[in-house]
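Laboratory data are not the source of any read-out in this text; all were calculated from the coordinates shown. Computed from a predicted structure; not experimentally measured. FYI the Cβ positions are ideal-geometry reconstructions off the backbone, even for glycines, and counts take in every protein chain you see.
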Amino acid sequence: MWRELIEEHTRQARFAAPATEQALQRAEETLGHLLPDDLLKLLGETDGVIDANGYNLVFSAEQLIQGNLEMRTYPALKRLYMAFDQLLFFSDAPGDGNLFAYALVPEGRPDIFVWDHRTDNRRCVAPSLEHFIADWLSGRIPL
């Protein structure tokens, strides 16, 4: 389903082999929370997606771990920004340093937020991962 959705909007995306069950379990255990169901399903089809410009439309399971741990624990980030413990970053915005994330609280919320690294603003840009992907690839996500 996810590959087909992406391919409806672009033929230039690069897909990886599916994430293993062990990689997904490791991500959840390391980060200390469950991954959203739609993200789990996407990673079960492809362990990350690179867009036509080389940006991470969706991080791989390993990138989820590394990126989120860095955002949550890096001392300089902790001094500059509000805590990131309630966000799950899964995508980066081309060239500007902004990141896309799920809000982990309340649990099960499917909305996708953009975090602006200049202002530390976090605002909703899509009601679901499916909408985020379609809107991102169609150029309708406001940054």
(message) Could you order the peptides 62-68, 123-129 from most to least packed, using the average number of other C-beta atoms within 10 Å per residue?
(response) 62-68, 123-129
(request) Beta carbons within 10 angstrom, averaged per residue: use that to sort the peptides 30-38, 133-141, 75-83, 7-15, highest first. (result) 133-141, 30-38, 7-15, 75-83
(request) Take the Cα coordinates of segment 1-139, assign each an equal point scatterer, and use the Debye formula without solvent to give log10 I(q)/I(0) at q = 0.13, 0.14 Å⁻¹. (result) -0.52, -0.61
(message) Report D for segment 65-143 in µm² per second (integer): Stokes-Einstein, Kirkwood Rh on Cα pairs, 20 °C, 1.002 mPa s.
(response) 166
